[in-house]
Amino acid sequence: METEVTQSLYQAVMGVNPASFKACGGACPVEAVSWYEAALFANKLSQNQGLSPCFVCSGTTCEGVGGTGGCGGWFQSRAAYVACSGWRLPTEAEWEYAARAGTTAARYGDINDVAWYDGNSGNKTQPVGRKQPNPWGLFDMLGNVWEWCYDGYKGDLRQAATDPVEAATGARRVGRGGSWYDDANHVRAAQRNNYTPSFRDAYLGFRVVRSSP
């Protein structure tokens with residue numbers, strides 16, 4: 001998606017709006033959504049559009065299609081997950097590839113031109129798509145809200161890799177991009193964070209992606 005999932009889209013698909021900054025309006029990113037809730041949203045959006053769901057969910061937990069269950073089930077079928085035709089969370093490598101859009105600097109433009117962060121956000125989220133997009137036309141890849149990724153968190157990614165395979169086990173998922181709450185050092189293409197999949201906060205949202213048919 002060109003922007004983060006907005007409050008209005010989340011409300012339309014899920015029938016609720018969990019955002020902390022509801023007063024910001026429907027054009028603002030939805031936040032306070034857990035990894036599991038983001039997966040449920042992706043599945044429902046896929047189903048609404050006649051696409052194959054990319055997560056298998058039971059109760060309040062989800063894993064990628066083809067998963068084998070247990071701690072690492074969501075990870076073990078990564079290839080099948082990426083090949084899924086429905087809406088899904090990006091892998092960490094997909095997220096960074098999309099965020100950089102062929103650029104190599106810390107950001108794809110001046111921070112005040114491309115991102116909402118603690119220096120210009122007014123300590124809250126802002127409507128999506130108001131800053132300059134990256135060279136591929138994607139808005140808010142940096143700032144506004146951290147964005148959930150599919151992968152589990154692996155602490156050491158210093159090795160050179162085109163598509164690093166993340167932790168096969170573990171209880172934390174990756175967040176990327178920084179937010180309205182963060183200083184400039186945390187709002188850059190290489191910045192990484194991690195959270196338990198049930199975690200929610202006002203600085204954490206998501207966008208969904210689809211593989212080419």
Given (1) crowded, with 19+ Cβ neighbours inside 10 Å; (2) more than 17 Å from the chain's Cα centre (by Cα), index of the condition A106 fails: (1)
Any hit, segment 77-92, residues being under 14 Å from Y153 (Cα atoms), at pLDDT 80 or above, under 19 Å from the mean Cα position of the chain (by Cα) and part of a helix (DSSP H, G or I): yes
Qualifying positions in segment 150-192 - loosely packed, with under 13 Cβ neighbours inside 10 Å and at pLDDT 95 or above: D183, N185
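So which of F55, F139 is under 18 Å from the mean Cα position of the chain (by Cα), on the phi < 0 side of the Ramachandran plot, modelled with pLDDT under 95 and not aliphatic (A, V, I, L, M)?
On the way: F139 fails: modelled with pLDDT under 95.
None of the other options fit; the residue is F55.
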Hits in segment 109-121 (condition: over 19 Å from the mean Cα position of the chain (by Cα) and in contact (Cβ under 8 Å) with a residue 24 or more places away in the chain): G109, I111, D118, G119, S121
Those residues of segment 9-42 which are under 17 Å from the mean Cα position of the chain (by Cα), of a type outside the set (A, V, I, L, M, F, W, C) and surrounded by fewer than 23 Cβ atoms within 10 Å (Cβ to Cβ), in sequence order: P18, S34, Y36, E37
Residues (in a loop (DSSP other than H, G, I, E, B), among the aromatic types (F, W, Y) and in contact with a strand residue (DSSP E or B) (Cβ under 7 Å, 6 or more places away or on another chain)) located in segment 120-156: Y153
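The values are calculated or read from the model by the stated rules, or taken from the named source; none is laboratory data. Values in this document were obtained by computation on a predicted structure and should not be read as measured data. Backbone-built Cβ (ideal geometry, glycine too); neighbour counts: all protein chains shown.
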